[in-house]
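Novice: One structure, pasted below without further comment.
The values are calculated or read from the model by the stated rules, or taken from the named source; none is laboratory data. Quick caveat: nothing in here was measured; it's all calculated off a predicted structure. No Cβ is skipped: glycine too gets one built from the backbone with ideal geometry, and neighbour counts run over all protein chains shown.
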Amino acid sequence: MDTAFSTEDKKFQEEVRDFIKSSYPQELRDSINSKRKLGQELSRDDLTAWHKILGKHNGWSAPSWPKQYGGAELTPTQKYIFEQECAKAECQYIMPFGINMVGPVIYTFGNEKQKEQHLPGILNGETFWCQGYSEPGSGSDLASLKTSAVKEGDHYIVNGQKTWTTMAQYADWIFCLVRTNPDAEKPQQGISFLLIDMKTPGITVRPIKLMDGSHEVNETWFDNVKVPVENLIGQENMGWTYAKFLLAHERSGIAGVARSKKAIERIKQIASSEMSYGEPLIQDPAFKAKIAAAELELSALEFTELRTLAKDSAGKGPGPESSLLKIKGTDIQQSVTELAMEAVGYYANPHLGTTLSNEYVGPEYATNLSGTYFNFRKASIYGGSNEIQRNIIAKMVLGL
Amino acid sequence: MNFDFTEEQTLLDNMVTSFVRDNYDWDTRCNIVKSEEGWKEENWKQFAELGLLGVPFEEQYGGLGGKPTDLMIVMEQFGKGLVVEPYLPSVILAGGLISKLGTETQKNEIIPEIISGHRRYVFAYAEPQSRFDLFDIKTSATQKNENYIINGFKSVVFGASSATHLIIAARTSDDQRSKSGITLFLVDVKSDGITLQNYPTIDEYRASEVVIENLNVSSENILGTVNDAYDTIEEVVDISTIAACSEAVGILQVLKDSTTEYCKNRKQFGQPISKNQVIQHRLVDMMIEYEQAKSILYMAITADHSNSEERQKATSAAKARIGKAIKSLGESSIQLHGGMGVVDEYNVSHYFKRATMIGVLFGNVDYHMKRYTDLTQSNIDTFDKDSSISLS
């Protein structure tokens, strides 16, 4: 057992550090910081600028992708280092829909033409993707989805409604699960995986406001949308297989260990600035104990992730263990966002960035911490709710 | 970065695993713990033959020069078998003190005797008032010519009834709760002035209260420097704490696996109880607790032990987190076994009791949480107002 980095890994760490230092734009940092402080939405440019820069450097926008598709094909240890360094430097995270989700599906199951058409735009961050999975009646029971695709000549005609489509307001393309065979024996057997251009006539996107007032997710309506048959991934009615493959990829990065670590560091700084019982809050034994509990959980999760990575490098892809990372990772994110809100006392109250108030009140570090807490209730629900993740472990790991 | 065992470690793992399998089936263990001695000398001889008693000692004294990972391997397997022979208190804890503090003469004399199984030292440190503070010592040693006269009382000394020698921590100067002024003495357990009151523990190990009255010890039998033992005690207790955590992780694995099996086999309402989602999710939570416990043990094993602050932080993080896992996973094991969980006859209760007592050993969750926060939450910079918080 050895967790020390090899000489090459240390060199790689230096390289990543130096690259972030020299290439992460200060204007981007300023733009994102000032919007966050005022609770304003990030623009498409805010979300993709760093992605575009990484895309021009050794395929670093796609750390896991094979080199033949332009990815960096990093080793598990290098991926871990890369994530750590990006989190430490508070780089804007890369939207997962292209890089982590549809990209691997396309290079694994897509044909040559699809790879040529889509992979470069995903890699360089020019094409913005969103995900069309959930429907109003199909959340955890995803396979019950109803959005239909009926073949007419060389097109599918798509009708139905997707929901929780994150960042659909910026998206150029959506990858969708659609029902191509309503009479299949099992609901999973009638599903296909389609790539749809968001500019196609008949698509309507309507915002859904979350409880912190943010606009991240949308409803996406399909009204007789004509999709060329060449946009079908793999085989018709085999979409469920690709969807499951994608979900395993989605979960692998979801632990967010490095970012939670950074957040705890920040909370300690906040708690050193905030006063309680006439002393810095960080001295309050009750608060201290809560921080320590989060740190221990995170420290354990970090090693759980490292153990999973070590298994990955032995050639096994992400398996049902990723459900564990999702459950614990989101648990910790939620504890951390709660602690941050708790740390600022009364200044959890102000809701800035609305049309009613655009000026700061209270300490800058307190801005929108309660919003983040409320927003992050989503974490244990999205990506397969934590209850569904437990079902997966029960079945796949414990054999129940 | 890897979490693999070396070839030697795999051999060690296989060896201890087969020892437990061949010599420690449930009935055999029940007979051992019910016996007058509460352990089996024959097993100790076998440990010696297998080289297990030499694992942590340096090669020049006949040991194997084992690393923390090697001790983890031994203790994890001992945990799985609930092995009651006093390996942790005598080989790891007392042996560790002798390795760190002994003079060449002492080490050349004592360590080969430990490795061959002829001597067992145990460390008498706790006192009724000390709780988990290793420095809180009333037992006094007063110099008289070339000798010291020791008077005092030691609590819950594990393995003392089977020991040949004791290492006694006594105060040679300073106040009861001072970290300086503590000295260690090596004494024959049969010396005049030592009275043991032996008893079984709730988890079927053996411990003793030790009354020390006018015990006369030659200054040749001081271990280490006078007044200066505390830092080494803390270090060796940390290493022993990680070993105890390893034992706990072995036990937790048995509890998790046997509870899962039990739920698959136990039928109620015409089907296995594991078909109920409420049971499934509880079993999954047990599995997650186990993985987190194992992970934080690996963190502690691979931490930089040469840096005392890193070692202390890692030890307390692991002991506190594993202590929580012991409670939640252990209590779930009992609950999911239903009535079978609370009876003496079935082994799950024995695993739970041992794990719970490991939770107390060398400091409980609260003690280690406090030690951890004291180490990690002092000297934090106040907020840098130019950067904003990012939590997503």
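Novice: Looking at this structure, is B:F19 among the aromatic types (F, W, Y) and in contact with a strand residue (DSSP E or B) (Cβ under 9 Å, 6 or more places away or on another chain)?
Specialist: Spelling it out, it is not the case that B:F19 is among the aromatic types (F, W, Y) and in contact with a strand residue (DSSP E or B) (Cβ under 9 Å, 6 or more places away or on another chain).
Residue-wise test of (1) surrounded by fewer than 24 Cβ atoms within 10 Å (Cβ to Cβ); (2) more than 12 Å from every other protein chain (Cβ to nearest Cβ); (3) among the basic types (K, R).
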| position | (1), (2), (3) |
| --- | --- |
| B:V237 | yes, yes, no |
| B:S240 | no, yes, no |
| B:A243 | no, yes, no |
| B:Q253 | yes, yes, no |
| B:Q271 | yes, no, no |
| B:M287 | yes, no, no |
| B:A300 | no, no, no |
| B:I326 | no, yes, no |
| B:V342 | yes, yes, no |
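Novice: While we're looking at this one, here's another question. Confirm whether B:L88 is crowded, with 24+ Cβ neighbours inside 10 Å and modelled with pLDDT of 95 or more.
Specialist: Spelling it out, B:L88 is indeed crowded, with 24+ Cβ neighbours inside 10 Å and modelled with pLDDT of 95 or more.
Novice: Let me ask another. For region B:131-151, which residues satisfy the criterion of being surrounded by fewer than 15 Cβ atoms within 10 Å (Cβ to Cβ) and more than 21 Å from B:A207 (Cα to Cα)?
Specialist: B:T142, B:Q143, B:K144, B:N145, B:E146
Novice: If you don't mind, another one. Looking only at helices (runs of 4 or more DSSP H) that lie completely in region A:315-400, which have at least 2 residues being more than 21 Å from the chain's Cα centre (by Cα)?
Specialist: Hits in region A:315-400: A:321-343, A:386-396.
Novice: Taking the options B:L11, B:L53, name whichever one is closer than 21 Å to B:T241 by Cα and outside the structural domain of B:V249 (by TED's automatic domain parsing).
Specialist: Values: B:L11 fails: closer than 21 Å to B:T241 by Cα.
Unique residue meeting the criteria: B:L53.
Novice: Could you check region A:121-149 and list, in sequence order, the residues that are in contact with a strand residue (DSSP E or B) (Cβ under 9 Å, 6 or more places away or on another chain) and aliphatic (A, V, I, L, M)?
Specialist: Within region A:121-149, A:I122, A:L142, A:A143, A:L145, A:A149 meet the criteria.
Novice: State all residues of region B:341-370 that are under 18 Å from B:S328 (Cα atoms) and of a type in the set (V, I, T); if no residue qualifies, say none.
Specialist: B:V342, B:V348, B:T356, B:I358, B:V360, B:V365
Novice: Just one of (1) within 17 Å of the chain's Cα centre (by Cα); (2) surrounded by 24 or more Cβ atoms within 10 Å (Cβ to Cβ); (3) more than 19 Å from B:T69 (Cβ to Cβ); (4) within 14 Å of chain A (Cβ to nearest Cβ) trips up B:A355, so point out which.
Specialist: All conditions pass for B:A355, except number (4).
Novice: Since A:N224 meets every condition but one in (1) in a loop (DSSP other than H, G, I, E, B); (2) in contact (Cβ under 8 Å) with a residue 40 or more places away in the chain; (3) surrounded by fewer than 17 Cβ atoms within 10 Å (Cβ to Cβ), which condition does it not meet?
Specialist: (1)
Novice: What number of residues within region B:101-138 are of a type in the set (S, T, N, Q) and within 23 Å of the chain's Cα centre (by Cα)?
Specialist: 3
Novice: Here's another thing I want to ask about it. What are the residues in region A:50-82 that are closer than 22 Å to A:E27 by Cα and out of contact with any Phe, Trp or Tyr (no Cβ under 8 Å at 6 or more places or on another chain), if any?
Specialist: Answer for region A:50-82, where residues must be closer than 22 Å to A:E27 by Cα and out of contact with any Phe, Trp or Tyr (no Cβ under 8 Å at 6 or more places or on another chain): A:H51, A:K52, A:G55, A:K56, A:S61.
Novice: Return only the number of the condition from (1) within 14 Å of chain B (Cβ to nearest Cβ); (2) modelled with pLDDT of 95 or more that A:K88 does not satisfy.
Specialist: (2)
Here is a yes/no grid of residues against (1) surrounded by 15 or more Cβ atoms within 10 Å (Cβ to Cβ); (2) of a type in the set (V, I, T):
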site: A:A348; (1), (2): yes, no
site: A:Y360; (1), (2): no, no
site: A:T372; (1), (2): yes, yes
site: A:A379; (1), (2): yes, no
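Novice: Which condition number does B:S333 fail, the rest of (1) buried (at least 21 other Cβ atoms within 10 Å of the Cβ); (2) more than 22 Å from B:G81 (Cβ to Cβ) being met?
Specialist: (2)
Novice: Search region B:20-40 for residues that are assigned to a loop (DSSP other than H, G, I, E, B) and pair each with any residue that is polar (S, T, N, Q) when their beta-carbon atoms are under 6 Å apart and the residues are at least 6 apart or on different chains.
Specialist: B:W39/B:S162
Novice: Still on this structure: Of (1) of a type in the set (A, V, I, L, M, F, W, C); (2) closer than 30 Å to B:G102 by Cβ; (3) under 18 Å from the mean Cα position of the chain (by Cα); (4) not assigned by TED's automatic domain parsing to the domain that holds B:I334, B:A248 satisfies all except one. Which?
Specialist: Looking at each condition in turn, B:A248 falls short on (4).
Novice: Would you be able to say whether some residue in region B:118-130 is of a type in the set (S, T, Y), in contact (Cβ under 8 Å) with a residue 40 or more places away in the chain and crowded, with 24+ Cβ neighbours inside 10 Å?
Specialist: There is at least one residue in region B:118-130 that is of a type in the set (S, T, Y), in contact (Cβ under 8 Å) with a residue 40 or more places away in the chain and crowded, with 24+ Cβ neighbours inside 10 Å.
Novice: Kindly indicate whether B:I114 is among the β-branched types (V, I, T) and either surrounded by 22 or more Cβ atoms within 10 Å (Cβ to Cβ) or out of contact with any Ser or Thr (no Cβ under 7 Å at 6 or more places or on another chain) (or both).
Specialist: Here the answer is yes, as B:I114 does meet what is asked.
Novice: Tell me which residues, restricted to region A:330-345, are of a type in the set (A, V, I, L, M, F, W, C) and either within 9 Å of chain B (Cβ to nearest Cβ) or in contact with a His (Cβ under 7 Å, 6 or more places away or on another chain) (or both).
Specialist: Of the residues in region A:330-345, the ones of a type in the set (A, V, I, L, M, F, W, C) are A:332, A:336, A:339-341, A:343-344.
Within region A:330-345, A:V336, A:A340 qualify.
Novice: Let me ask you something else. Can you list residue pairs whose Cβ atoms sit under 6 Å apart, with the first residue in region A:152-169 being assigned by TED's automatic domain parsing to the domain that holds A:P207 and the second being outside any strand (DSSP E or B)? Count only pairs 6 or more apart in sequence or on different chains.
Specialist: A:D154/A:V229; A:G160/A:K146; A:G160/A:T147; A:T163/A:S134; A:T163/A:P136; A:W164/A:S134; A:T166/A:E216
Novice: When both residues are 6+ apart or on different chains and their Cβ atoms are under 6 Å apart, which pairs have a first residue that lies in region A:345-367 and is outside the structural domain of A:K35 (by TED's automatic domain parsing), and a second that is modelled with pLDDT of 90 or more and β-branched (V, I, T)?
Specialist: A:Y365/A:I270; A:A366/A:V344
Novice: Restricting to region A:7-23, give me the number of residues that are in contact (Cβ under 8 Å) with a residue 24 or more places away in the chain and either within 13 Å of chain B (Cβ to nearest Cβ) or among the charged types (D, E, K, R) (or both).
Specialist: Residues in region A:7-23 being in contact (Cβ under 8 Å) with a residue 24 or more places away in the chain and either within 13 Å of chain B (Cβ to nearest Cβ) or among the charged types (D, E, K, R) (or both): 5 in total.
Novice: Please give the number of the condition A:I106 fails out of (1) among the β-branched types (V, I, T); (2) more than 16 Å from the chain's Cα centre (by Cα); (3) away from every other protein chain (no Cβ under 14 Å); (4) within 21 Å of A:E216 (Cα to Cα).
Specialist: Result: A:I106 passes all but (4).
Novice: Within region A:270-290, work out how many residues are within 7 Å of chain B (Cβ to nearest Cβ), in contact (Cβ under 8 Å) with a residue 12 or more places away in the chain and either over 23 Å from B:A318 (Cα atoms) or within 30 Å of the chain's Cα centre (by Cα) (or both).
Specialist: Of the residues in that region, 2 qualify.
Novice: Another question, if that's okay. Residues in region A:297-315: is at least one surrounded by fewer than 21 Cβ atoms within 10 Å (Cβ to Cβ) and in contact with a strand residue (DSSP E or B) (Cβ under 6 Å, 6 or more places away or on another chain)?
Specialist: Yes, some residue in region A:297-315 is surrounded by fewer than 21 Cβ atoms within 10 Å (Cβ to Cβ) and in contact with a strand residue (DSSP E or B) (Cβ under 6 Å, 6 or more places away or on another chain).
Novice: Within the group A:T372, A:T355, which residue is more than 30 Å from B:L283 (Cβ to Cβ) and facing chain B (nearest Cβ under 8 Å)?
Specialist: A:T372
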